[in-house]
Structure formats: structure tokens, C-alpha cells
Amino acid sequence: ETGVTQSPTHLIKTRGQQVTLRCSSQSGHNTVSWYQQALGQGPQFIFQYYREEENGRGNFPPRFSGLQFPNYSSELNVNALELDDSALYLCASSSTGGSSRYGYTFGSGTRLTVV
Amino acid sequence: QKEVEQNSGPLSVPEGAIASLNCTYSDRVSQSFFWYRQYSGKSPELIMSIYSNGDKEDGRFTAQLNKASQYVSLLIRDSQPSDSATYLCAVRHDYKLSFGAGTTVTVRA
């Protein structure tokens with residue numbers, strides 16, 4: 001059974017640019033969640049996708065957007081990058097839409113640096 | 001008020017001692033509670049989950065939950081240098097996990 005994989009592992013972008021981060025969910029999982037972890041803080045929920053639809057969103061501006069594909073892989077897109085977007089971006093997958101009581105297993109993350 | 005608060009660190013314990021980590025949460029309808037371990041530069045790793053009041057033991061780790069007090073704790077017995085990491089408390093309500101800022105634990109050899 002493969003786990004959650006994320007790409008790329010590291011990325012450096014310039015303020016104002018756009019970035020796309022990718023996540024392949026664990027086999028059999030149809031739900032993907034994205035979190036942002038700034039240095040010294042806990043992860044913050046960005047949004048969740050279930051069966052290709054966004055079914056929950058945290059307190060992030062619209063320039064953070066996402067997609068989920070029929071194979072349940074997902075993309076996180078961030079437009080008009082700001083310096084504060086520098087963080088570790090984490091993806092997690094699960095096998096239910098959102099009512100499960102269980103914890104999430106995270107991928108290894110993408111470290112984004114905005115300069 | 002933050003949704004999830006953890007005792008401020010860093011916490012330094014000698015090898016073989018017990019490390020005690022505390023967490024409080026504000027949402028009374030939270031359903032599930034978790035402890036994650038995060039090594040520097042790595043992603044969080046789920047180490048414990050607890051859903052009912054009381055204690056849950058797994059190896060050297062014991063999680064305690066008191067829903068009336070909105071309190072979760074983690075005890076690490078016989079602490080080892082490999083336990084040196086940041087420990088994140090997480091609380092789940094529906095689809096969303098809310099995390100504390102983490103407590104950094106250093107185990108001194």
C-alpha cells in the first residue's frame with residue numbers, strides 16, 4: 001500500500017508569482033486535505049476535497065485554490081504569492097468524506113519559500 | 001481564544017524520565033483527539049489517538065482525555081533521545097483538524 005506522496009519537496013518562488021503543489025493520495029482514499037504549517041506553528045487547515053468537490057475550507061483567501069482529479073490526486077494552487085506564504089504545505093488523505101473520527105496521515109510535505 | 005493550546009516549551013527531560021505534555025481545547029463538540037510527533041524538517045507523524053474519556057496506552061505513550069475539562073495530555077515514559085521532537089496536539093471536528101502550536105521536547109542523555 002503506497003502512502004501519500006507530495007511534489008515537489010522544495011520550491012523557491014518570487015513574490016507575486018503563482019505556484020502549484022501536487023499530492024497523490026493513498027490507495028483507496030477519496031478525500032484529500034491540505035494544511036499550511038508556518039515555522040514554529042501548528043498546521044492550519046486550508047481546505048478539503050471529497051469526490052472532486054471542495055467540502056470544507058479554512059480561513060484562507062481565494063488566491064488559495066485546489067483541484068481533485070478522478071484518481072483522487074489533488075493540486076493546491078496559490079496565486080499572487082506573498083512572503084507570508086512561505087511554509088511547509090502538507091497533504092493528507094482519508095477514505096471517507098469527512099465524518100470519520102480518525103486522524104490523518106500526512107505526506108512528507110512541500111517546503112515553499114517566497115522571496 | 002485559540003482553538004487548541006499546548007503548554008509552552010521547550011521541555012527538557014533526562015533520559016529515562018517521564019515527559020508530560022498538556023493540551024486544552026475550546027470546541028466542546030470536538031469528536032476525536034490526536035498527538036502527532038514532528039522531527040525537525042519533517043512532516044507530522046500520528047502517534048496516538050483517543051476518543052473516549054480516560055487513559056489509552058500504547059507502548060511508552062499514554063494519552064489521557066477529560067472532555068468535561070476539555071483537556072488532553074500525553075505522557076512519554078522512559079524517555080529516549082529519539083523522543084526529542086515537537087509534539088502537536090490536534091482536535092478533530094467533522095472534517096477539520098485544529099492543531100496547537102506544539103511543544104518541543106528535548107531528552108538529555
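Every number in this text was worked out from the coordinates using simple rules, so none of it is lab data. Only a predicted model underlies this, so the values are computations on that prediction, with no experimental measurement involved. Virtual Cβ from ideal backbone geometry, glycine too; neighbours counted across all protein chains shown.
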Mark the label point 7 Å from the Cα of B:SER8 along Cα→Cβ and return the residues of region A:29-72 whose backbone N is within less than 18 Å of it. A:40-42
More than 26 angstrom separation, counting every C-alpha pair in region A:3-115; what % is that? 12 percent
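Using only alpha carbon positions, build the gyration tensor of the protein assembly as shown, then give the equivalent ellipsoid semi-axes as the square roots of 5 times its eigenvalues, largest first, whole angstrom. Don't jump to the answer; show the numbers that get you there.
Details: eigenvalues 174, 81, 51 Å².
Gyration-tensor ellipsoid for the protein assembly as shown: 30, 20, 16 Å.
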How many angstrom separate the Cα center of region A:1-24 from the Cα center of region A:36-115? 10 Å
When chain A is treated as a Gaussian network with springs between alpha carbons less than 10 Å apart, the largest mean-square fluctuation among A:SER27, A:SER94, A:SER74 is found at A:SER27
Under Stokes-Einstein, with the Kirkwood radius over Cα pairs standing in for Rh, what whole-number D in µm²/s applies to region B:23-64 at 20 °C and 1.002 mPa s? 182 µm²/s
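Apply 1/(1 + (r/R0)^6) to the Cβ-Cβ distance of A:GLN41 and A:GLU82, taking R0 = 22 Å, and write down the FRET efficiency to the nearest 0.05.
Details: r = 16 Å, r/R0 = 0.74.
Once the sixth-power term is evaluated, E becomes 0.85.
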With a point put 7 Å past each Cα toward its Cβ, work out how far A:ASN71 is from B:LYS42 in nm, to one decimal. 2.8 nm
I need the phi-derived Karplus couplings for region A:32-39: 6.51 cos²θ - 1.76 cosθ + 1.60, θ = phi - 60°, integer Hz, Gly and Pro marked x. 10, 10, 10, 10, 10, 10, 6, 4
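Could you give the alpha-carbon Rg of chain B over 2.2 N^0.38 Å, rounded to two decimals?
On the way: Rg = 13.2 Å, N = 109, 2.2 N^0.38 = 13.1 Å.
My calculation over the Cα atoms of chain B gives 1.01.
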I'd like the FRET efficiency for B:SER82 and B:GLN31, computed as 1/(1 + (r/R0)^6) with the beta carbon distance as r and R0 of 35 Å, rounded to 0.05. 0.65
Quantify how strongly other chains surround peptide A:28-41 by giving the mean number of their Cβ atoms within 10 Å of each of its Cβ atoms. 2
